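Only one structure is covered here, and it is reproduced in the block below.
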Amino acid sequence: MTLAEVDASAWAELKAAAADPQSAFHYLNLCSVDAGGRPQARMVVLRRVDAARRVLEIHTDVRSPKWQEISADPRVTLLGFGPQPKVQLRLQGSAELNGPASECATEAWSLLPRSTRSTYMGGPPGDDIGERSASESTAAEADGQAFFGVLLFRAETLDWFQLRHADNRRAVFAYDHLGALTSSRWINP
Ligand SMILES: Cc1cc2nc3c(=O)[nH]c(=O)nc-3n(C[C@H](O)[C@H](O)[C@H](O)COP(=O)(O)O)c2cc1C
């Protein structure tokens with residue numbers, strides 16, 4: 001495979017994964033840094049991919065710690081692993097947060113099935129289950145849309161690593177703000 005083919009196949013795989021819950025890359029590890037400088041990681045669902053612009057869409061609750069962390073520092077990493085072949089994708093970039101009132105979140109919400117919408121209707125993520133007062137829970141359950149946010153991740157670099165028996169391979173790619181490939185090279189694994 002050439003560098004151009006590696007880049008194209010990685011993005012084709014990500015795009016396909018957004019639509020396929022069976023794909024290994026349907027779930028990615030979203031990593032951010034908290035206010036204390038401590039690394040934080042959690043799994044998220046890959047909802048949509050714009051391969052030309054190198055943008056990945058993720059949905060989350062705006063009351064969650066990750067939303068607060070990323071508001072303070074938008075630099076994030078997305079990490080994925082596909083077992084066949086054994087490929088790690090490490091994407092670094094920045095996250096744009098689109099809150100409940102945004103056009104982007106309104107549109108994404110309108111496309112969500114009722115079952116997914118209901119996951120935004122509970123109390124704040126991370127709070128004790130018993131903590132909510134009756135009035136709070138009524139207000140929250142009335143409309144999960146008030147807590148629904150869309151994170152748009154724009155990749156600046158891709159670090160591609162393929163684990164093989166003897167000859168592991170690794171390549172790094174960089175993209176400009178519009179998603180165009182600006183550099184690519186093989187590096188020591
Ligand atoms: C397979 C899997 C997929 C998940 N997908 C999402 C997701 O798309 N969005 C989300 O906010 N949390 C998702 N979660 C939950 C997060 O991993 C995390 O536990 C939660 O959002 C709280 O994260 P935070 O405290 O860092 O904000 C998922 C968990 C698992 C196990």
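The values are calculated or read from the model by the stated rules, or taken from the named source; none is laboratory data. This is a predicted model, so every value here is computed, not measured. Because the Cβ atoms are built from the backbone with ideal geometry, glycine has one as well, and the counts that use them run over all protein chains shown.
Structure data summary
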read-out: Region 61-74, subset touching a helix residue (DSSP H, G or I) at 6+ places or on another chain (Cβ under 7 Å) and outside any strand (DSSP E or B), residue surrounded by the most Cβ atoms within 10 Å (Cβ to Cβ); value: 62
read-out: Residue in region 75-88 that is under 17 Å from residue 152 (Cβ atoms) and assigned to a loop (DSSP other than H, G, I, E, B) present; value: no
read-out: Single match in 88, 84, 22 (criterion: within 16 Å of the ligand (Cβ to nearest atom) and polar (S, T, N, Q)); value: 22
read-out: Some residue of region 46-57 being in a strand (DSSP E or B), acidic (Asp, Glu) and more than 13 Å from the ligand (Cβ to nearest atom); value: yes
read-out: Qualifying residue in region 114-122 (condition: modelled with pLDDT under 95, assigned to a loop (DSSP other than H, G, I, E, B) and farther than 24 Å from residue 60 by Cα); value: no
read-out: Condition check for residue 172: in contact with a strand residue (DSSP E or B) (Cβ under 9 Å, 6 or more places away or on another chain), within 16 Å of the ligand (Cβ to nearest atom) and modelled with pLDDT of 95 or more; value: no
read-out: Residue count, region 36-45 (criterion: within 13 Å of the ligand (Cβ to nearest atom) and more than 14 Å from the chain's Cα centre (by Cα)); value: 2
read-out: Pair list, Cβ under 7 Å, 6 or more apart: region 18-34 residue part of a loop (DSSP other than H, G, I, E, B) and charged (D, E, K, R), other residue at pLDDT 95 or above and near the ligand (Cβ under 10 Å from one of its atoms); value: 20/26; 34/40; 34/69
read-out: Given (1) touching an Asp or Glu at 6+ places or on another chain (Cβ under 9 Å); (2) more than 22 Å from residue 46 (Cα to Cα); (3) modelled with pLDDT of 95 or more, index of the condition residue 108 fails; value: (2)
read-out: Residue ID - farthest from residue 106 (Cα to Cα), chosen from residues in region 16-57 that are of a type in the set (Lys, Arg) and buried (at least 17 other Cβ atoms within 10 Å of the Cβ); value: 54
read-out: So residue 41, is it in a loop (DSSP other than H, G, I, E, B) and modelled with pLDDT of 95 or more; value: no
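Condition check ((1) under 28 Å from residue 33 (Cβ atoms); (2) surrounded by fewer than 16 Cβ atoms within 10 Å (Cβ to Cβ); (3) within 14 Å of the ligand (Cβ to nearest atom); (4) at pLDDT below 95) across all residues:
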position: 59; (1), (2), (3), (4): yes, no, yes, no
position: 96; (1), (2), (3), (4): yes, yes, no, no
position: 127; (1), (2), (3), (4): yes, yes, yes, yes
position: 152; (1), (2), (3), (4): yes, no, yes, no
